[in-house]
Amino acid sequence: MDDVARALAAAGRPAADRMTTLGGGCIHRVCAVTLDGGERVVAKCASANEHPMLREEQLGLERLAMTGCVRVPAVLGPPPTAETPVLLLEFLPAAPATAAAWSRLGSDLARLHATPAGARYGFEADNHLGRTPQKNDWHDDWIAFNRLCRLGPQIDRAADAGRLEPREHDRLRRLLDRLDSLLPPEPTPALLHGDLWSGNALVTRDDDDGVRVAVIDPACSVGDGWADIAMMRLFGGFPEACFAAYEQAAGRPDDVERRVRVYQLYHLLNHLNLFGRGYAGGVMEAVEALGG
């Protein structure tokens, strides 16, 4: 409570009247805070040594908001610090989902991925995918970025932790060596949410547009827009109307299914590293589907 009080003071907000823990905070404690006067905000609270993860999230939310393409909660305070490891965000009230809202999300994502994001792949800062560190060094080549900053580090992490059998590790390394046959070298660089599973999509009531799907908890980078769609498809929870609206606006490249499998492999490897050998079968099925 003291950390939240300091964060509210630093943001020039009234004091907290009461706090309620919200579900869905996989890493940090998330609370709805009712302020004196009745306004509600969200406080994400970390330990002092994990405050950089909150700063990464704040940067991602701010960069997504700058595009004007997708609905995200507004950041309400200064960056979290070790002394005040709290991220204050706009409270987004939940609303019943509608088909129109999901279609709008697909269109929003297509606009996001069509918005110019520079000429290179990476991001201005490293961040985390869940608890996994995510390198975002800038690269001119998308294949090199995926080899050195995405698949390669996940494969190395899994091997070092003993989560891969030697034969599995060899097959993954061989796939990495022929990545240039699986991905385009220069897809249009787009700002990505980066961690777009259904738990990070919140149906909310928008003052201007009725019901809308907002996106939260990003792990941003600049890359191929289909990487966001790949994760959405992998773990489910998004209706077909969302994907149909995306494809109507963005088109559908001939090699999209192969791209999607590669991007899904990254998330399967991350789950292998986070949660153990229960995901090894899914990893190797993806390798098999890619001809490895």
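Inspect all residues belonging to the range 112-120 and state whether any of them is of a type outside the set (Asp, Glu), surrounded by 19 or more Cβ atoms within 10 Å (Cβ to Cβ) and in a helix (DSSP H, G or I). Among the residues of the range 112-120, at least one is of a type outside the set (Asp, Glu), surrounded by 19 or more Cβ atoms within 10 Å (Cβ to Cβ) and in a helix (DSSP H, G or I), which makes the answer yes.
Selection of the range 68-83 for residues being crowded, with 17+ Cβ neighbours inside 10 Å and within 19 Å of the chain's Cα centre (by Cα) yields CYS69, VAL70, ARG71, VAL72, PRO73, VAL75.
Each row is one residue, and each column tells you yes or no for (1) of a type in the set (Ser, Thr, Tyr); (2) free of Cβ contacts under 8 Å to residues at least 40 places away in the same chain.
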| position | (1), (2) |
| --- | --- |
| ALA11 | no, no |
| THR21 | yes, yes |
| THR34 | yes, yes |
| GLY60 | no, no |
| ALA74 | no, yes |
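For the range 134-161, the set of residues classified as within 17 Å of TYR279 (Cα to Cα) and basic (Lys, Arg) consists of ARG157 only. Checking each residue in the range 79-111 for being within 30 Å of ALA48 (Cβ to Cβ) and either free of Cβ contacts under 8 Å to residues at least 40 places away in the same chain or outside any strand (DSSP E or B) (or both) picks out PRO79, PRO80, THR81, ALA82, GLU83, THR84, PRO85, PHE91, LEU92.
Residue count for the range 16-43, restricted to those that are part of a loop (DSSP other than H, G, I, E, B) and at pLDDT 90 or above: 4.
Those helices (runs of 4 or more DSSP H) of the range 223-292 in which at least 1 residues are among the hydrophobic types (A, V, I, L, M, F, W, C) and within 19 Å of LEU105 (Cβ to Cβ), considering only elements entirely within it, cover 226-235, 240-250, 256-275.
For the range 35-50, a residue qualifies if it is within 22 Å of ARG131 (Cβ to Cβ) and surrounded by 21 or more Cβ atoms within 10 Å (Cβ to Cβ), and the qualifying residues are ALA43, LYS44, CYS45, ALA46. Only one of the numbered conditions (1) touching a Gly at 6+ places or on another chain (Cβ under 7 Å); (2) surrounded by fewer than 19 Cβ atoms within 10 Å (Cβ to Cβ) is violated by VAL211, and that is (1). For HIS128, the conditions (1) surrounded by fewer than 20 Cβ atoms within 10 Å (Cβ to Cβ); (2) of a type outside the set (Lys, Arg); (3) more than 28 Å from GLY281 (Cβ to Cβ); (4) out of contact with any Cys (no Cβ under 7 Å at 6 or more places or on another chain) are fulfilled apart from (3). Annotation: ALA144 fulfils all but one of (1) small (Gly, Ala, Ser); (2) closer than 21 Å to VAL260 by Cα; (3) within 19 Å of the chain's Cα centre (by Cα); the unmet one is (3).
The values are calculated or read from the model by the stated rules, or taken from the named source; none is laboratory data. Keep in mind that this is a model prediction, so the values were computed, not measured. Virtual Cβ from ideal backbone geometry, glycine too; neighbours counted across all protein chains shown.
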